[in-house]
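Visitor: Please read through the structure below; I'll follow up with questions.
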Amino acid sequence: MSLFDDTTLGYRNFLYQSTFSSCIIIIMSRKSDFRNENDSRLKLLYLYRILEQYTDAEHPLTTGQIRDLMKEKHGIYMHRTSVYYSFELLKAAGIDLQCVRSRSNLYYVESRKFEIPEIRMLIDAVESSRFMTENQSKVLTDKLMTLTSETGADKLKRNLHVTGRVKTENRQVFYIVDAINEAINNGKKISFQYTDYWKI
């Protein structure tokens, strides 16, 4: 390769790297602009998250409380009428929400996919499972508690009794059971190697 070719190749590499860096800067800039430009369009999603996390039939939120949470959690200002219209849009989308009309409207989630007694039963099954480690049980239990409001999760935590339950120390068992189920679903043969051991 001639000196001219080396120079040309070097120039092309420099141009490519510079262009690539510029593209990254532009993408990052546009991503930031997109976030700021569309804050108002995120109101529906943020409002739904707030209702899911903080409300139930026994613990509704007023218009003022919703506006305060939107400002505190997401830095978004919502007018009082905007709260109502956004709420109605969520209802029109099929989400089971309720509004108690008063001087300061009360909003809450009417029903969820899982009721508290059902979640409690699932949590008890997880905590009673011997093939899961304590840490795996805790992680899955925490996920199950997100299926209800914060007040509902507090009720579940007060009724949680996990001490003295026999749990495995092998965290791989959790994935082994999943692999066995996957093999059965795909009609594959499974072989086992049986071993016995005693703790001294």
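Visitor: Restricting to region 84-110, and then to whatever is polar (S, T, N, Q) and modelled with pLDDT under 90, can you tell me which residue is surrounded by the most Cβ atoms within 10 Å (Cβ to Cβ)?
Guide: Ranking the qualifying residues of region 84-110, first place goes to SER104.
Visitor: Another question about this same structure. Out of all the residues in region 163-177, is one or more at pLDDT 80 or above, part of a loop (DSSP other than H, G, I, E, B), exposed (fewer than 12 other Cβ atoms within 10 Å of the Cβ) and not hydroxyl-bearing (Ser, Thr, Tyr)?
Guide: There is no residue in region 163-177 that is at pLDDT 80 or above, part of a loop (DSSP other than H, G, I, E, B), exposed (fewer than 12 other Cβ atoms within 10 Å of the Cβ) and not hydroxyl-bearing (Ser, Thr, Tyr).
Visitor: So, one more: For region 85-139, give me each residue that is among the small types (Gly, Ala, Ser) and under 17 Å from GLN65 (Cα atoms).
Guide: Matches in region 85-139: SER86, SER102, SER104.
Visitor: Listed residues ARG120, ARG130, ARG158; which is among the basic types (Lys, Arg) and modelled with pLDDT of 85 or more? I'd like the intermediate steps shown before the answer.
Guide: Details: ARG130 fails: modelled with pLDDT of 85 or more; ARG158 fails: modelled with pLDDT of 85 or more.
Exactly one residue qualifies, and that residue is ARG120.
Visitor: Of the numbered conditions (1) surrounded by 11 or more Cβ atoms within 10 Å (Cβ to Cβ); (2) within 30 Å of GLU110 (Cα to Cα); (3) at pLDDT below 85, ASN38 fails exactly one; give the number of that condition.
Guide: Single failed check for ASN38: (1).
The values are calculated or read from the model by the stated rules, or taken from the named source; none is laboratory data. Please read all numbers here as calculations on a predicted model, not as lab measurements. Cβ coordinates were reconstructed from backbone atoms using ideal geometry, including for glycine residues, and neighbour counts include every protein chain displayed.
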